[in-house]
Structure formats: C-alpha cells, structure tokens
Amino acid sequence: MENLFKKWKVTIPKYDKRFRSTIFDVFSKKFGGSEKTKVSLGKHFSNNYELYMYAFFLGLYNDEYIEIPEEAELVDFSHAIQFWGNKSKSERKDFSNLQEYMFMAVVAKTDFDMVSLEKGKITVVSVVKKLRTTMESYTNGGLNILERQIEENKGLVLQPTFFLDMILDSKIKDLEIEELEEEIEEDFQEMEDLND
Amino acid sequence: MIIEEIEIKNYQCYFGSKVFKFSKGLNIILGKNGDGKTKFYEAIDWLFSDGIEDKESLFSSKAAFNMSNGDSEKVMVRMTVAQDGEKRTIRKHFLVTKENDELDFGNTKLEGIEETSSGERSLVDGSRLRDLIFDSRIRQYSMFKGESELNVFDNKDALNNLIDLFSETKHLDIYVDCVSEMYNKADRAVTADAKKNKSNEKKYSILEAEINKLKIDESQLKLQISNIQKELTKLEENIDQASSLVDNAEKLETYNKRISKREDKIRDLRARIAALESYTTNLYDENWFLVFFEPIYNEFKKKAISFSKDRRRLMAEYNQEIGRKKGEEEAKKKIMESIPLPIGTPSQAHMEEMLDEELCKVCNRPAEKDSEAYQYMYQRLQEFIESQKVTKTEDDDDKPKKLFQYNYTTKLTAISDIHEQYLHGIRQIDIDIKDTFDFVENRKKDLEEQEKELSNEYEERSKIVSSSSVEASSLTNILKNYNGFQKNKAENKDDLVRYEFDLKIIRQNLNTKQGEKDALDNIQVDKFLLNTKEILGDILKVTEQTRSKEFNDFIDKLEAISNEIFKKTNKGSFTGLIKFYKIPYGDEIKLDIRLVESSGKKFEGNSAQVTLLHISVLLAISELVKEADDQSYPMIMDAPVSNFDEMHSKLFFEAMKSSVDQSILLLKDYVIRNESTDQLEIKKEFDEIKKDKAFWIRLDEPYENELLHTIDTQIIEL
Amino acid sequence: MKKDKILQKLLNNEFLIEKYQIKENEKPKTYYEALKSDVVIIKTLAILVDELEKSDRPSNSAMYEKIKQFLNVNAL
C-alpha cells in the first residue's frame with residue numbers, strides 16, 4: 001500500500017516573494033530562540049512555517065483560493081512539512097499532528113484522478129504537485145487577507161487576540177455543517193443497500 | 001522698686017525735655033512704629049550701659065539745628081525710682097556746645113541722687129546706685145526689646161544666673177566648698193594619726209591603697225555615667241524632634257508594605273494573564289486551528305469513501321470482465337449483480353465457521369446444507385481459497401493484468417477512520433476557546449480591582465507625605481534615624497544601668513573598706529580627731545543636701561508659679577501645664593521648659609501659647625525676685641500681643657497687672673489712621689484695657705522723615 | 001537676717017534632725033540663739049554661718065582651725 005501523505009509531507013511549499021518583507025519578516029522570528037525573545041521582538045510567530053500554516057488555514061476557512069501569479073517569484077524557507085510542529089522548544093507543545101489535517105484539507109480540496117494514479121497512468125509526483133498548488137493557493141489567499149487586515153487595522157495588530165480573531169471570523173463558521181452530514185448519511189445508506 | 005519718672009532730653013527723636021510720669025501697675029505706651037517707642041527703650045538701655053558711644057548720633061537733630069554759636073545743650077536720660085523708702089535718681093548726661101559752627105561734645109557723666117523721705121538729698125556714686133536700683137542680672141529678666149527675646153532660657157547660663165540671683169544655691173556653694181575642705185583635712189588628720197600605730201601599719205596601708213583605688217574607680221565611673229547622661233539627653237532631644245514626624249513615618253511604612261504586597265500581586269496577575277493570552281500560540285499548541293475543521297474533514301471523508309467506492313467498483317467490473325473471458329464455468333460462478341463485498345470480509349475462518357454451523361452470520365439466517373444460502377457461502381469460500389492461490393501455474397499469456405498497480409486509497413480511508421474518533425476533540429475546541437476567554441476576562445477584572453486598590457493606596461501615601469513638612473525620602477530617613485536613636489538610647493541605657501550597678505558595688509566596697517578603716521581608726525586614733533571628722537562629715541552632708549534642696553525648691557516654685565499665671569492668661573482655652581524638666585548634663589543640670597497635656601505628654605503649642613509660656617515664666621521669675629529680694633522690679637517690654645486674639649490680649653494685660661507691681665508696656669496695635677480725617681487715632685478697644693496709665697508718643701506733625709530736625713516726639717498722657 | 005535664713009535652711013535638714021534628734025522646740029530661731037546652743041553640731045553650724053557670712057570671711061584653713069578649736073573646747 002502506498003502512502004500519499006508520506007509523499008506529500010516531504011515537500012516544501014512556496015510563497016510569493018512579495019509577502020516576505022510585508023508579512024514574514026514583520027511577524028515571524030526566523031531563527032529559533034526562546035519564546036520570550038519572540039514576544040519581546042513583537043513577533044507573534046516563532047518562525048516562518050508557523051506563519052505559513054496560519055495563512056493556509058486562514059485562506060482555507062475563508063475559501064480564499066488565489067493561485068500565485070505565474071510571474072511571481074517564489075520563495076520557501078527550506079523546511080519540509082514533515083518537520084512542522086515537532087517539539088523543539090521546552091516552552092512549546094508538539095503540534096505535528098496538524099500536518100495530517102492539512103493533508104486532509106488539501107486532498108479534500110484538490111481534484112485529481114485517483115484511479116489513474118492507482119492504475120499508474122499518472123505519476124504520484126504530479127498528484128503531489130497538484131496538492132501543493134492547492135496548499136500554496138490557499139496560503140496565498142490567506143496572505144492576501146492578512147495583508148488587507150493589517151492595512152485596515154494597523155493599531156489592532158498588537159492585540160493578543162488579533163490573529164485568533166481573524167480565524168474565528170472566517171466565512172466557514174456560517175456554513176451548515178448539517179448539510180454535509182446529511183450527504184454522508186446518504187452515502188452510507190447507499191453502501192448498506194449495495195451490500196444486502 | 002517702682003519707676004516714678006523717666007526723663008529723656010535731647011536724645012535722638014526726643015527734642016527738649018520729655019518726661020514720663022509712671023504710676024504703679026500697668027502703664028501702656030502707645031505709638032506707631034517709628035514714632036519713638038524703640039528709642040524710649042534704647043534710652044533706658046543707654047542709661048544702664050557704659051561704653052563708647054556716638055554722641056553726635058544720639059543728640060537730637062532738632063536741638064542741634066536750633067543751636068547758635070555759644071549755645072549749649074544737655075543730652076540726658078534720667079530715671080527716678082522709689083525704692084527702700086527713698087527716692088533715688090540716676091542720670092546720665094553729656095553737654096553739647098556749639099562754637100564756631102561746630103558742635104563739641106563733653107564727657108558723659110553718671111550721677112546718682114538719693115533723697116530720703118524727709119527730703120534730704122545726697123549725691124552718690126552713680127554706678128553703685130544704678131546697680132542698686134536695677135541690677136543688670138535682674139534687668140535680664142525684666143527688660144525685653146522684642147518678642148523674640150522672651151525665651152529667656154534659650155541662653156544656657158540663664159538658669160544659672162537665675163539660681164544665683166534668687167536662691168541660696170550658689171551661696172551655699174561657699175559652705176559646701178569650705179566644709180569639704182575641712183572634712184578632708186580632718187580625714188587626713190585621722191589617717192595620719194592612725195599610721196602612727198605601727199602594729200597595724202601594714203594592714204592600714206593596704207586599706208588606704210585599696211580605698212584610694214576605689215575612689216579613683218568611683219570617680220572614673222562617675223565620669224562615664226555623666227557622659228552617658230549627656231548622650232542620653234541629646235538622644236532624647238533628637239527623638240523628640242523626630243517623634244512628631246515618626247507618626248507619619250510609621251504610617252508611611254505601613255503603606256509602603258501594603259503597596260509592595262499589592263504590586264507583587266498585580267505583577268503576578270499580569271504574568272498569568274499574559275501566559276493565558278498567548279492566543280496565537282494556542283492555535284498551534286492547542287490545535288485551535290481545528291475549530292472549524294469538521295466540515296473539511298467531512299469533505300475529505302467523503303472523498304476517501306468515494307475513492308474507495310470507485311476502486312471497488314472498478315475492481316468488480318474488471319473482475320467481471322476477466323470472469324467473462326474465462327468462460328462459462330467462471331460465469332457459472334454466482335456473480336452477484338450487486339457489488340460484492342471486498343475480498344476478505346468475512347474472513348476465511350468466519351466462512352468456515354458459518355458453514356459448519358449452517359448459519360449465515362452476516363444476515364443471521366439459517367443456512368442449512370444444500371440451501372441456497374449455504375451454497376452461496378460455500379462457493380464464496382472456494383472462490384476465496386482459489387484467489388489465495390498464487391496462480392503461478394497459469395499461462396503467461398493468460399495471466400490477467402492487475403487493474404491497479406498502486407493502492408493509495410486504503411491509507412486514505414484509514415486516515416479518515418482514525419480521525420473519525422478525533423472529531424469529538426475538535427468539537428471541544430470551541431468550548432475551550434470560550435473558557436479561556438472567560439477565564440482571562442475574570443483575571444482581568446481581578447487585575448482592575450487590584451489596580452484600583454493600589455491607586456487608592458498611592459493616594460493615601462502621598463497624603464501622609466504631603467501632610468508632613470518633609471519629603472517621603474526624608475521621612476524614610478527620619479524613620480531610620482529614629483530607629484537608630486531609639487536603639488542608641490536603649491544601648492546607652494543598658495550601659496548606664498551597668499555602670500550604675502558597678503558604681504553601687506564600688507561604693508559598697510568603699511563603704512566596707514571605709515568601715516574597716518574607721519574601725520581601725522576607732523581603736524587607735526585619738527578620739528578628738530575622730531569626733532571632729534564625724535561632725536564635719538555630718539555638716540558636709542547637711543550643707544550638700546541643703547544646697548540641693550534649695551535648687552529643687554526653687555525650680556518647683558518657679559514651675560508652680562508659672563502654671564498659676566499661665567492658667568490665668570490661658571483661661572478658657574488649652575488646658576495644659578508648664579513643666580520644668582531637670583536634665584542631668586554631666587555635672588550640671590539643664591532646664592527644659594515644655595508644654596504638656598494633662599496626660600503628661602509633651603506637645604509643641606502654637607506661637608501664642610509659646611509666647612504665653614515664656615511670659616508666664618518671666619512673671620513667675622519676677623514674683624520670685626520679689627520674694628527673694630524683698631522687692632519687685634518693673635517689667636519693661638514690647639507687648640507681644642500681635643499673635644493674640646482679643647480675649648487673650650485682655651487676659652494678658654490682666655495678668656501683667658496682677659503679677660507685677662509695675663509694668664511698662666509698649667504697644668503699636670491700637671494706633672490707626674482715620675481715612676477720612678487723615679488723622680491718627682486710638683482705637684476704641686483700647687479703652688477696654690484696665691490700665692493705670694497710658695501714653696501716646698507720636699511725632700510732632702508736620703514733620704518730614706528726611707529732615708531730622710523736624711522730628712520731635714510728643715508725649716501725650718491719656 | 002541672711003544668717004538667720006541660711007541657718008534655718010541648714011537646720012531644717014532631715015538627716016540632721018534624725019541623727020541628732022533635734023526637736024522642733026529645741027531648734028533655735030536666730031543664729032545668735034544657735035551660737036549659744038548646747039548641741040555641738042548646732043553650735044558648729046552657727047559658727048560656720050557666722051564666719052562665712054562675714055564680709056571678710058576667713059579662709060577654709062582658718063575656718064578649719066576655728067572649728068577644731070571650738071570642738072576641742074567642747075570635746076565630747
């Protein structure tokens with residue numbers, strides 16, 4: 001059995017360079033150090049990948065899928081997804097479990113031909129590439145939202161709840177979860193019927 | 001002694017001869033500042049002093065102005081008193097003559113005239129008579145130029161002077177000195193005689209040596225004790241000074257402690273809140289990102305299921321195809337039109353079990369042998385077993401190709417299955433976030449309260465600081481010093497106790513040794529010498545004790561009389577007492593006069609009270625003078641009533657009238673200028689004062705300040 | 001008069017009264033009276049006062065001799 005998750009998490013996603021100075025440099029402390037220093041520097045994020053994750057979820061929950069323009073310069077931070085969230089500091093917890101959730105999200109949101117993949121007609125690399133595009137696009141969307149928000153609410157950025165609030169205000173909160181649950185019920189029933 | 005007349009002639013602003021005729025009792029001289037009150041006082045001063053003077057400045061300018069060549073004028077101050085049944089006059093004067101447009105000043109003369117009741121007059125030595133009339137030491141307590149001079153005991157020697165003047169204490173010094181010396185002589189005579197006896201010579205010498213050593217030790221200890229006493233006195237003064245501030249300082253200390261505690265609490269709360277408010281970090285560490293993940297998960301699950309479904313469907317179709325290709329026998333296999341359950345469910349073991357029991361455990365219906373259901377299960381089992389066999393034996397060209405090379409689906413569905421159970425946790429996140437916010441909210445409320453309390457406490461503290469005349473840091477210093485003083489005082493007291501104990505021991509030893517010596521003396525010394533020594537010893541004790549008693553009696557008396565007068569003048573207001581504290585200061589005694597409350601506690605008193613304190617003491621002194629010298633002396637002073645209210649002024653004048661036989665008071669307060677008439681007037685209230693005589697000195701108008709020759713003070717008897 | 005005053009003060013001393021058992025009626029009122037007293041110490045005191053109050057008072061040594069002489073004469 002093959003593991004798509006494994007194949008995906010060894011990759012390093014990229015982002016549009018233009019966000020480097022406006023967001024990444026401003027809000028994240030690039031290289032390790034204690035949590036205290038992070039606070040004293042006025043940084044909310046201990047490192048770049050945290051900020052990346054944040055932008056991803058922000059874009060995801062707001063359904064803000066914006067592909068990175070072709071002409072944009074891409075940069076990454078040389079840190080594969082599989083390392084994200086590993087407990088490195090004593091002051092923090094391990095949140096590497098979030099990798100799997102991000103994986104689930106990109107799989108859910110990516111259209112790819114699983115049949116072809118399993119038949120060997122398309123390479124796993126191509127699928128992973130698609131998954132990556134999904135991730136990068138949602139992240140890009142998230143970064144756009146972030147940029148806008150900061151522009152509009154410059155003074156509030158230093159509030160401790162600023163980033164959390166943005167997540168909590170995402171469009172997805174209004175979505176009818178029940179709708180989806182119903183759908184799944186239907187599918188289950190189908191399966192039951194077939195098995196009788 | 002009563003002053004009957006004072007004549008001032010050509011002295012400064014007094015042009016010509018100006019005579020004040022005083023009566024017994026209260027005499028008041030009114031005058032605006034600058035009109036001659038001070039000069040009056042100075043004139044008397046001049047009369048009672050000697051020394052080089054600037055005669056030209058003393059000579060009345062007006063008089064000088066009016067002189068022509070060949071004229072002569074006298075500058076004189078004269079005082080006539082009634083004393084000891086006689087009329088006594090002293091006058092001080094010098095002559096001024098004008099010659100060739102220049103003034104010439106003669107020698108100053110001091111003359112005394114005594115006049116008996118029968119009218120006999122005789123010229124006497126002016127100096128001597130002057131001292132007789134008004135001794136300078138007594139003047140010290142009788143004449144005061146201003147309010148500031150009233151605190152007579154500010155001067156260290158004032159007390160000693162007083163004692164010398166009015167009690168026998170000083171006089172008894174002569175006795176004590178004399179008798180001490182005599183006693184020592186007698187003692188030496190006894191010792192000398194005792195030594196003549198050879199039998200006890202050694203013993204005696206030893207005793208003598210021991211006694212001498214003890215005496216040296218004794219005097220050393222006494223010195224140490226006296227030093228400590230001085231130290232303690234100083235400390236007490238310092239402590240007194242600080243203690244009024246210490247009340248505040250202690251309060252300050254309390255508040256400082258309270259504030260510091262609260263600041264710690266606040267710091268704590270802030271830290272906790274900060275820790276809780278790491279909201280952004282919680283997105284990761286507490287998985288708060290997943291708060292809305294459920295629908296996404298459901299999407300994923302849906303997809304995973306659909307992948308699985310598709311895969312199985314295709315597998316089934318594919319197998320169907322292969323089945324068809326394999327021919328009829330294969331077709332005979334009951335190919336279900338429905339999508340078969342994936343291979344492997346139920347397991348082979350299960351299948352065999354079900355066949356054995358002739359029961360389908362999937363639908364829970366009996367499957368007897370040879371029944372349709374049984375057949376079905378049997379075939380499925382066979383199929384399965386077949387499928388397990390690796391078809392190595394199959395022909396290569398017949399070998400069917402695998403539909404799917406890879407299987408990614410299974411893992412995906414596995415992920416989906418696992419996370420099904422985590423959904424519960426995800427649903428909890430919403431609540432966790434809310435709880436955190438609530439908790440933080442509450443802590444913030446706590447913080448607000450604490451900060452409110454703190455600001456109150458800051459306010460209270462600054463009130464304390466501002467109510468004292470010293471800044472907060474000084475207050476803290478004062479508290480530190482105060483504690484230091486108290487500690488010092490305690491240590492010194494301990495030392496004192498020790499020394500005094502040691503002294504006691506030494507004195508005991510001394511007594512013992514003396515006793516032994518006396519015993520020996522009694523045996524071997526001439527009775528007469530012993531007797532002389534004893535009597536002189538007793539007399540020494542008597543004179544010493546009498547001297548002490550004199551001193552203490554005098555102080556007690558002074559205190560009692562002061563309080564009597566004080567009560568009278570303070571009628572109706574503050575009920576307190578004057579207390580005289582005798583403070584040992586080495587070999588001397590220092591006198592400290594304070595106001596105390598009825599409880600005995602010392603307190604400061606306002607300026608009016610302090611003035612009354614001093615006046616009361618002075619009046620008491622004058623009473624003692626009267627008693628001791630058998631005559632009283634007049635009080636001449638600037639009345640210090642500027643700080644008094646009307647009632648107190650009244651009481652003050654009454655006290656002066658009743659306590660002294662004669663007083664001459666100078667006042668400025670009752671002269672005003674009428675705005676409409678532009679004339680000087682006396683206030684109506686002046687009439688209410690019970691006085692015996694009143695004068696008003698004022699400059700003769702018109703006058704010009706620059707033109708001294710126009711200045712002439714008039715005396716108006718009221 | 002001063003002599004009387006001083007003597008009175010001396011004679012009022014508690015120690016003296018106790019040791020020598022001087023009764024009130026025995027106490028002389030003037031120094032002149034005291035000079036004639038039978039009680040040695042009273043007389044001694046009177047001599048002391050008499051001499052020391054003179055304007056040309058004797059020196060301490062001279063005083064000593066005087067007292068010695070007196071006590072000699074009135075030897076116990």
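The values are calculated or read from the model by the stated rules, or taken from the named source; none is laboratory data. None of these values were measured; they are calculated from a predicted model. Cβ: placed from backbone, ideal geometry, glycine included. Neighbour counts: every protein chain shown. Accessible surface is based on the protein model in full, side chains and every heavy atom, while ligands, DNA and RNA are left aside. Shrake-Rupley method; radii C 1.70, N 1.55, O 1.52, S 1.80 Å.
Figures for the structure shown
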read-out	value
B:Lys109 vs. criteria under 29 Å from B:Asp669 (Cα atoms) and over 56 Å from the mean Cα position of the chain (by Cα)	no
In segment C:1-21, residue surrounded by the most Cβ atoms within 10 Å (Cβ to Cβ) [restricted to those that are of a type in the set (A, V, I, L, M, F, W, C) and within 17 Å of B:Leu536 (Cα to Cα)]	C:Leu7
For B:Ser598: the one exception among (1) in contact with a Pro (Cβ under 7 Å, 6 or more places away or on another chain); (2) open to solvent by 20 Å² or more (accessible area, probe 1.4 Å); (3) among the polar types (S, T, N, Q)	(1)
Filter result for the condition that a residue is free of Cβ contacts under 8 Å to residues at least 12 places away in the same chain, away from every other protein chain (no Cβ under 14 Å) and within 24 Å of B:Lys434 (Cα to Cα), over B:Asp268, B:Asp264	B:Asp268
Strands (runs of 3 or more DSSP E) contained entirely in segment B:628-703, each with at least 3 residues that are under 20 Å from B:Leu612 (Cβ atoms)	B:635-638, B:662-667
Residue in segment B:118-138 that is within 14 Å of chain C (Cβ to nearest Cβ), open to solvent by 50 Å² or more (accessible area, probe 1.4 Å), polar (S, T, N, Q) and within 55 Å of the chain's Cα centre (by Cα) present	no
Within segment B:1-115, strands (runs of 3 or more DSSP E) holding 1 or more residues that are free of Cβ contacts under 8 Å to residues at least 24 places away in the same chain and not hydroxyl-bearing (Ser, Thr, Tyr)	B:86-99, B:102-105, B:109-115
Leading residue by the ranking (least open to solvent (accessible area, probe 1.4 Å)) among those in segment A:111-133 that are within 20 Å of A:Ile12 (Cα to Cα) and at the interface with chain B (Cβ under 9 Å from one of its Cβ atoms)	A:Val127
Pair list, Cβ < 6 Å and 6+ apart or interchain, from segment B:278-307 residues that are more than 7 Å from every other protein chain (Cβ to nearest Cβ) and in a helix (DSSP H, G or I) to residues that are crowded, with 21+ Cβ neighbours inside 10 Å and not hydroxyl-bearing (Ser, Thr, Tyr)	B:Asn282/B:Trp288; B:Ala304/B:Leu412
Test: residue in segment B:188-202 that is buried (at least 18 other Cβ atoms within 10 Å of the Cβ), within 14 Å of chain C (Cβ to nearest Cβ) and assigned to a helix (DSSP H, G or I)	yes
Residue within segment C:50-59 that is among the acidic types (Asp, Glu), touching a residue at least 24 places away in the same chain (Cβ under 8 Å) and within 10 Å of chain B (Cβ to nearest Cβ) present	yes
Close pairs (8 angstrom Cβ cut-off, 6 or more residues apart or separate chains): closer than 18 Å to A:Arg148 by Cβ in segment A:6-29, open to solvent by 60 Å² or more (accessible area, probe 1.4 Å) and not aromatic (Phe, Trp, Tyr) anywhere	A:Tyr15/A:Leu74; A:Asp16/A:Glu73; A:Asp16/A:Leu74; A:Arg18/A:Glu73
Residue in segment C:22-34 that is open to solvent by 50 Å² or more (accessible area, probe 1.4 Å), at the interface with chain B (Cβ under 10 Å from one of its Cβ atoms) and farther than 17 Å from B:Val176 by Cβ present	no
Among residues of segment B:211-229, those that are open to solvent by 70 Å² or more (accessible area, probe 1.4 Å) and either touching a Gly at 6+ places or on another chain (Cβ under 9 Å) or touching a residue at least 24 places away in the same chain (Cβ under 8 Å) (or both), counted	5
Hey, B:Phe94 open to solvent by 40 Å² or more (accessible area, probe 1.4 Å) and touching a strand residue (DSSP E or B) at 6+ places or on another chain (Cβ under 7 Å) or not	no
Exclusive hit being more than 14 Å from A:Lys9 (Cβ to Cβ) and in contact with a strand residue (DSSP E or B) (Cβ under 8 Å, 6 or more places away or on another chain), set A:Asn144, A:Asn140, A:Asn153	A:Asn140
Residue match in segment A:19-40 (condition: modelled with pLDDT of 90 or more and open to solvent by 30 Å² or more (accessible area, probe 1.4 Å))	no
Total residues in segment A:76-110, condition part of a helix (DSSP H, G or I) and either touching a residue at least 24 places away in the same chain (Cβ under 8 Å) or more than 12 Å from chain B (Cβ to nearest Cβ) (or both)	12
When residues of segment B:404-417 are limited to those that are part of a helix (DSSP H, G or I) and open to solvent by 80 Å² or more (accessible area, probe 1.4 Å), the one farthest from the other protein chains (Cβ to nearest Cβ)	B:Asp417
Residue within segment B:59-68 that is under 53 Å from the mean Cα position of the chain (by Cα) and at pLDDT 85 or above present	no
Qualifying residue in segment B:7-24 (condition: surrounded by 16 or more Cβ atoms within 10 Å (Cβ to Cβ) and among the small types (Gly, Ala, Ser))	no
Segment B:97-109, subset at negative phi and modelled with pLDDT under 90, residue surrounded by the most Cβ atoms within 10 Å (Cβ to Cβ)	B:Leu103
B:Lys517 being open to solvent by less than 80 Å² (accessible area, probe 1.4 Å) and in a helix (DSSP H, G or I)	yes
Residue within segment B:660-667 that is at pLDDT 80 or above, under 30 Å from B:Ile133 (Cα atoms) and surrounded by fewer than 20 Cβ atoms within 10 Å (Cβ to Cβ) present	yes
Cross-chain or 6+ apart pairs with Cβ under 6 Å, segment B:517-535 first and under 19 Å from C:Lys68 (Cβ atoms), then of a type in the set (Asp, Glu) and open to solvent by 20 Å² or more (accessible area, probe 1.4 Å)	B:Val525/B:Asp193; B:Asp526/B:Asp193; B:Leu529/B:Asp193; B:Lys533/B:Asp187
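Yes/no matrix, rows are residues, columns are (1) within 14 Å of chain A (Cβ to nearest Cβ); (2) more than 15 Å from B:Ile273 (Cβ to Cβ); (3) assigned to a helix (DSSP H, G or I):
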{"position": "B:Gln421", "(1), (2), (3)": "yes, yes, yes"}
{"position": "B:His424", "(1), (2), (3)": "no, yes, yes"}
{"position": "B:Leu447", "(1), (2), (3)": "no, no, yes"}
{"position": "B:Lys452", "(1), (2), (3)": "no, yes, yes"}
